[in-house]
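Colleague: Submitted below is the structure of interest, expressed as structure tokens.
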Amino acid sequence: MGLIGRKASAEALRQHAADEETARRLPELLEAARQAEHAFHEAQRDDPEADTPEVRRLSAALDTALTDAMRAAYAKQRALIGPRGYDDRIYRRKRSARPEVKEVTSLAESLLTLRERHRLHGPGGVLREPVA
């Protein structure tokens, strides 16, 4: 059977439904990340050298918010590709070239970069020393 008549598997349909549900939350998760970032930077601005429990708590909240938003963006990417994309790599690759998928992919990668930069530089805004 060729690719034209191929249907998505039951597991792919289940994963797609879960990704659509997660993707619906993307706007609220992006707003939560913005708020967490604002609160973290406000605390840092008040005392840039402080490594207080409050700054660490806000740093962890920012990390969590960025992670949740990034996961939702990747879920939206998979949802836009469609259920066949879970089973068929060629179909997934072709659908990944669509402008709306590229836009969401760019957002997800930006969120990943922000999270990793935050993890590397930590609450104090300086590169953490590697653990020996």
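Colleague: Test V55 against the stated conditions and say whether it is within 17 Å of T22 (Cβ to Cβ) and aliphatic (A, V, I, L, M).
Modeller: Judged against the criteria, V55 is not a match.
Colleague: Same structure, new question: In the stretch 50-102, which residue that is acidic (D, E) and in a helix (DSSP H, G or I) is surrounded by the most Cβ atoms within 10 Å (Cβ to Cβ)?
Modeller: Here the residue is D68.
Colleague: Which one is modelled with the highest pLDDT among residues in the stretch 59-86 that are closer than 28 Å to F40 by Cα and in contact with a Phe, Trp or Tyr (Cβ under 7 Å, 6 or more places away or on another chain)?
Modeller: Across the stretch 59-86, the extreme among qualifying residues is L62.
Colleague: For the stretch 24-72, which residues satisfy the criterion of being of a type in the set (D, E) and either in contact (Cβ under 8 Å) with a residue 24 or more places away in the chain or under 16 Å from E109 (Cα atoms) (or both)? It would help to see each step written out before you state the result.
Modeller: As a first pass, look at the stretch 24-72 and keep what is of a type in the set (D, E): 28, 31, 37, 42, 46-47, 49, 51, 54, 63, 68.
Correct list: E37, E49, D51, D63, D68.
Colleague: Still on this model: Test each condition in (1) closer than 20 Å to L13 by Cβ; (2) touching a helix residue (DSSP H, G or I) at 6+ places or on another chain (Cβ under 7 Å) for R115 and report the one that comes out false.
Modeller: Looking at each condition in turn, R115 falls short on (1).
The values are calculated or read from the model by the stated rules, or taken from the named source; none is laboratory data. No experiment lies behind these values; they were computed from the predicted model shown. A quick note on method: Cβ atoms are made from the backbone with ideal geometry, for glycine too, and the neighbour counts reach across all protein chains shown.
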